[in-house]
Amino acid sequence: MKLATLKIGGRDGTLVVVNRSLTHCRAVPHIARNLQAALDDWETCEPLLRAVYDALQSSDLAGPEVFDQQQCHSPLPRAYQWADGSAYVNHVELVRRARGAELPPEFWTDPLMYQGGSDAFVGPRDPMCALSEDWGIDLEAEIAVITGDVRMGATPQQCAPEIRLLMLVNDVSLRNLIPVELAKGFGFLQSKPASAFSPVAITPDELGDDWHDGKVHLPLTVHINGGMFGQPDAGRDMVFNFPQLMAHVSKTREMAAGSIVGSGTVSNKQGGLHGSSIANGGVGYCCLAEVRMYETIESGKPQTGYLKFGDTVRIEMLSRDGKSIFGTIEQQVQPYVA
């Protein structure tokens, strides 16, 4: 099943069911006024939403609306919780190597995670806004899950059935603000502005055999200014799967339905020049910081700059037959105007 939120009907938008090919949709206010309401009463709403979805596939539903990704907000325009992990330890290891620091052994057994702002996300076609290019604007292409209610102390096995939906994420980072914040010993805040999520959120069964072991086993593709920048496999080198990340969050607290848990930047181990880039026969990267880390390790300093105003970013995942699964995050970097 595929669900989306249109930018009509108030701050939390209007929930629509989208067909598998992402061409048509149907608003479902008679089932749930928005996605959060559906998640709050999932046992009742899920079969009703799925019936609409099945009807959309078979064309049994009269007069479906054309689905326009430009009109989408993030599936949850705001959420009770946004906790982002760093499940691809290769990415963390590179960051530390670039600054001459060893990776503590516990990073392989206990995931890193930060709690981001969730009061206002941006739509998948909204701009990436900042007040200054000097802040070091970077994308981070990731996968995230939306959860049901999870009790405190839940095990990964208990968390797995509470994965309701999957999405793609652009978890924007302002790299030049990060060092000062981390030096304070209290984590990210100003360096992590609003994230954008894919136009469509899907139930895990939509992925078929490409969803197993709590991971998505497909490449995540990233384009910058129209050129392919990365296509690492999201299932490869993911040290902590989504149930493990959820269990990490719920160790000391309950998670409410509608909580979002991210994978962190998708990253594959690779060799060769700078890692290696698509041009050098590698799988490329899901953030600019990673190629800059490889460049620093190999040549002593980064050569690739961060994003500038006017640059564009595209994040997408294709099925094995080449069809878009979640729709596309497409954003231009722009100066913020209130």
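The values are calculated or read from the model by the stated rules, or taken from the named source; none is laboratory data. Note that the structure is a prediction, hence the values are computed from the model and not measured. Positions of Cβ are backbone-derived with ideal geometry, glycine not excepted, and every protein chain shown enters the neighbour counts. Heavy atoms of the whole protein, side chains included, go into the accessibility calculation; ligands, DNA and RNA do not. Shrake-Rupley method; radii C 1.70, N 1.55, O 1.52, S 1.80 Å.
Select from the range 313-338 the residues that are among the hydrophobic types (A, V, I, L, M, F, W, C) and not in a loop (DSSP other than H, G, I, E, B) and list them in ascending order.
Val313, Ile315, Leu318, Ile329, Val333
Search the range 102-138 for residues being aromatic (Phe, Trp, Tyr) and touching a helix residue (DSSP H, G or I) at 6+ places or on another chain (Cβ under 9 Å), and hand back the single one that is farthest from Leu182 (Cα to Cα).
Only one residue tops the list, namely Trp108.
Which condition number in (1) in contact (Cβ under 8 Å) with a residue 40 or more places away in the chain; (2) more than 27 Å from Tyr80 (Cα to Cα); (3) open to solvent by less than 70 Å² (accessible area, probe 1.4 Å); (4) aliphatic (A, V, I, L, M) is the one that Met317 fails?
Only one criterion in (1) in contact (Cβ under 8 Å) with a residue 40 or more places away in the chain; (2) more than 27 Å from Tyr80 (Cα to Cα); (3) open to solvent by less than 70 Å² (accessible area, probe 1.4 Å); (4) aliphatic (A, V, I, L, M) is unmet by Met317, namely (2).
Within the range 86-114, how many residues are touching a Phe, Trp or Tyr at 6+ places or on another chain (Cβ under 7 Å) and open to solvent by 20 Å² or more (accessible area, probe 1.4 Å)?
1
Return the total of residues in the range 296-314 being farther than 18 Å from Cys72 by Cβ and either among the hydrophobic types (A, V, I, L, M, F, W, C) or open to solvent by less than 50 Å² (accessible area, probe 1.4 Å) (or both).
Quick first cut of the range 296-314, residues farther than 18 Å from Cys72 by Cβ only: 296-311.
Of the ones still in play, those that are also either among the hydrophobic types (A, V, I, L, M, F, W, C) or open to solvent by less than 50 Å² (accessible area, probe 1.4 Å) (or both) are 296-297, 304-307, 309-311.
Of the residues in the range 296-314, 9 are farther than 18 Å from Cys72 by Cβ and either among the hydrophobic types (A, V, I, L, M, F, W, C) or open to solvent by less than 50 Å² (accessible area, probe 1.4 Å) (or both).
Kindly establish whether Met128 is surrounded by fewer than 21 Cβ atoms within 10 Å (Cβ to Cβ) and either of a type outside the set (D, E, K, R) or more than 14 Å from the chain's Cα centre (by Cα) (or both).
Numbers: surrounded by fewer than 21 Cβ atoms within 10 Å (Cβ to Cβ): no; either of a type outside the set (D, E, K, R) or more than 14 Å from the chain's Cα centre (by Cα) (or both): yes.
No: the conditions fail for Met128.
Name, by its number, the condition in (1) assigned to a loop (DSSP other than H, G, I, E, B); (2) without any contact (Cβ under 8 Å) to a residue 24 or more places away in the chain that does not hold for Asp209.
Going through the list (1) assigned to a loop (DSSP other than H, G, I, E, B); (2) without any contact (Cβ under 8 Å) to a residue 24 or more places away in the chain, Asp209 breaks only (1).
Got at least one residue in the range 15-24 being closer than 29 Å to Asp233 by Cβ, basic (Lys, Arg) and open to solvent by less than 70 Å² (accessible area, probe 1.4 Å)?
Looking for residues that are closer than 29 Å to Asp233 by Cβ, basic (Lys, Arg) and open to solvent by less than 70 Å² (accessible area, probe 1.4 Å), one finds none in the range 15-24, hence no.
Working only within the range 50-76, note down all residues that are open to solvent by less than 50 Å² (accessible area, probe 1.4 Å) and under 23 Å from the mean Cα position of the chain (by Cα).
Those that are open to solvent by less than 50 Å² (accessible area, probe 1.4 Å) and under 23 Å from the mean Cα position of the chain (by Cα): Phe67, Gln69, Cys72, His73, Ser74, Pro75, Leu76.
Answer yes or no: is there a residue in the range 296-312 that is at pLDDT 95 or above, in a loop (DSSP other than H, G, I, E, B) and among the basic types (Lys, Arg).
Checking the range 296-312: at least one residue is at pLDDT 95 or above, in a loop (DSSP other than H, G, I, E, B) and among the basic types (Lys, Arg).
Restricting to the range 226-235, and then to whatever is in contact (Cβ under 8 Å) with a residue 60 or more places away in the chain and more than 14 Å from the chain's Cα centre (by Cα), can you tell me which residue is most open to solvent (accessible area, probe 1.4 Å)?
So, considering only residues that are in contact (Cβ under 8 Å) with a residue 60 or more places away in the chain and more than 14 Å from the chain's Cα centre (by Cα), the one most open to solvent (accessible area, probe 1.4 Å) is Gly226.
Here is a list: Gly327, Gly322. Which entry is open to solvent by less than 30 Å² (accessible area, probe 1.4 Å) and either under 24 Å from Ser198 (Cα atoms) or in contact with a Lys or Arg (Cβ under 7 Å, 6 or more places away or on another chain) (or both)?
Sole residue among the options that is open to solvent by less than 30 Å² (accessible area, probe 1.4 Å) and either under 24 Å from Ser198 (Cα atoms) or in contact with a Lys or Arg (Cβ under 7 Å, 6 or more places away or on another chain) (or both): Gly327.
Please verify whether Leu177 is surrounded by 17 or more Cβ atoms within 10 Å (Cβ to Cβ) and not in a helix (DSSP H, G or I), treating the condition exactly as stated.
no
Take the range 200-225 and flag every residue that is hydroxyl-bearing (Ser, Thr, Tyr) and open to solvent by less than 10 Å² (accessible area, probe 1.4 Å).
Of everything in the range 200-225, just one residue is hydroxyl-bearing (Ser, Thr, Tyr) and open to solvent by less than 10 Å² (accessible area, probe 1.4 Å), namely Thr203.
Looking at this structure, is Phe197 open to solvent by 20 Å² or more (accessible area, probe 1.4 Å) and at negative phi? Don't jump to the end; show me each part of the working.
Numbers: open to solvent by 20 Å² or more (accessible area, probe 1.4 Å): no; at negative phi: yes.
It is false that Phe197 is open to solvent by 20 Å² or more (accessible area, probe 1.4 Å) and at negative phi.
Under the condition of being surrounded by 20 or more Cβ atoms within 10 Å (Cβ to Cβ) and hydroxyl-bearing (Ser, Thr, Tyr), which residue from the range 236-283 is farthest from Pro156 (Cα to Cα)?
Selected residue: Ser277.
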